[in-house]
Ligand code: GLU
């Protein structure tokens, strides 16, 4: 089988092998058709572009950009673009596959893709960032498109970056085609065709799922404590939305440092500080600074990893001191870490369900663009909750049916959906 063959030939265990390990477990459980299994274990297209950009100094630097399109059986490829030094083929391949499962679970008509540029955006000026983004978009050319592959924000990218991608893409279209292509990218600024509620959507979705989980577990959110890793768009929105509900944020970590206060950190004030300075370091609040190991062992009701992959591992999982983990990041738990959490009876709401609010509201933005509509926030929030509740119920039902953990159950929901579609359509020719 391709899944195992791929794993066996790779030199050492990498992120994509983690994806395949989980994929194999669920595929075995539902006895997934071997022909469909071999398709889904591979990405459809893998694009890597080296493109030159003139820096402010006049020097030219060549950047490495990626777009990997994992699968489009359910609809156009969909997924974010990240700007980070750790972006590489293996990481993007894993993230693209996760998008395929995520959109299938969410019940939205998209496939899965992911991309990015391998660089640290914090080392470049705004005008350099604009030129890097535009030149990357130009290099991608027809490999993206409003009905073909639709990028969105991810780690270190935001609405402004999406506006530059939109403008560059439209500028390369014949004039009479431009107005019908605004859905080439989602997560845009509202005036440029973005949707109400998209900026907070991933965080909003995590909070909705926390409340659904709480309802099923007789858990009181309003007296709970939690800690967050990563204070970018997702982490900070989760904290801002949980604050009025009474949940107490007891620790936060980002790349600059980790801070803790058992009586609670001010999520709004911390957001303002991070927006102004780019990091939590130097926040003028009441807290003590702690090291990473102390942060990971913070005592609280739940933990929200909202940064990068591979944070809950064989090393850190034994020290986690919580009842449940809500995975706002993609891939924060590796298979060893996941096994330890299971043995310790710590629940995990897996990334491909837990952080799907972002892509769900991307879908709403895409629909609004196609129909030239603008929906009110209440409508967007209501439709998001309806989609998430449905996905949550399906994953819970699969966990009961197969007596398995929720991650495996989420894969089961995705793979069954994809299998049905492949069976209906068959394989060309
Ligand atoms: N980057 C987000 C994710 O990982 C959103 C993707 C999208 O909206 O297309 O789900």
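Every read-out reported here was derived from the displayed coordinates using simple, explicitly stated rules and does not represent laboratory data. On a predicted model such as this, the values are computed, not experimentally measured, just so you know. Because the Cβ atoms are built from the backbone with ideal geometry, glycine has one as well, and the counts that use them run over all protein chains shown.
Side notes on the structure shown:
- Using a Förster distance of 56 Å, the FRET efficiency for residue 297-residue 147 (Cβ separation, nearest 0.05): 0.70
- Normalised by the number of residues in the chain, the mean separation of alpha-carbon contacts (under 8 Å, six or more apart) gives a relative contact order of 16 percent.
- Choice from 389, 236, 171 with maximal GNM fluctuation in the chain (Cα, 10 Å cutoff): 171
- If you wrap region 284-429 in the convex hull of its Cα atoms and look at it from every side, the mean projected area works out to 13.5 nm².
- A Förster distance of 22 Å, applied to the separation of the beta-carbon atoms of residue 255 and residue 90, puts the FRET efficiency at 0.55.
- Taking other Cβ atoms within 10 Å as a rough exposure proxy, 381, 120 sort from fewest to most as 120, 381.
- Choice from 38, 324, 234 with maximal GNM fluctuation in the chain (Cα, 10 Å cutoff): 38
- In percent, rounded to a whole number, the relative contact order of region 166-269 is 19, using alpha-carbon pairs under 8 Å and six or more apart.
- Extension gain from residue 269 to residue 343, taking 0.36 nm per residue of separation minus the Cα-Cα distance: 22.9 nm
- Ranked by how many other beta carbons lie within 10 Å on average, peptides 132-138, 181-187 from highest: 181-187, 132-138
- Relative contact order (percent, whole number), region 305-347, Cα cutoff 8 Å, 6+ residue spacing: 51
- Estimated Rh, region 178-289: Kirkwood, alpha-carbon pairs, angstrom: 15.4
- Residues residue 120 and residue 35, FRET efficiency given R0 of 41 Å [Cβ-Cβ distance, rounded to 0.05]: 0.45
- Panel values: region 70-140, Kirkwood radius from alpha carbon pairs, Stokes-Einstein at 25 °C and 0.890 mPa s, translational diffusion coefficient 189 µm²/s.
- Estimated [θ] at 222 nm from DSSP helical runs (n ≥ 4, -39500 (n - 2.57)) normalised by residues in the chain, nearest 500: -14000 deg cm²/dmol
- Rh by Kirkwood over Cα pairs, then Stokes-Einstein D for the chain at 1.567 mPa s and 4 °C, µm²/s: 59
- Annotation: for a label point projected 7 angstrom from Cα along Cα→Cβ of residue 373, no residues of region 142-160 have a backbone N closer than 13 Å.
- Least to most buried among 62, 322, 206, 19 (fewest other Cβ within 10 Å first): 62, 322, 19, 206
- Note on residue 171 and residue 42: their simple-model spin labels are 3.8 nm apart, each label 7 Å out from Cα toward Cβ.
- Structure remark: mean-square fluctuation, Gaussian network model of the chain, C-alpha springs under 10 Å; the largest value among 158, 42, 222 belongs to 222.
- Hydrodynamic analysis of region 153-219 uses the Kirkwood radius over alpha carbon pairs. Inserted into Stokes-Einstein at 4 °C and 1.567 mPa s, it gives a translational diffusion coefficient of 93 µm²/s.
- The residues 346, 280, when put in order of fewest to most other Cβ atoms within 10 Å, stand as 346, 280.
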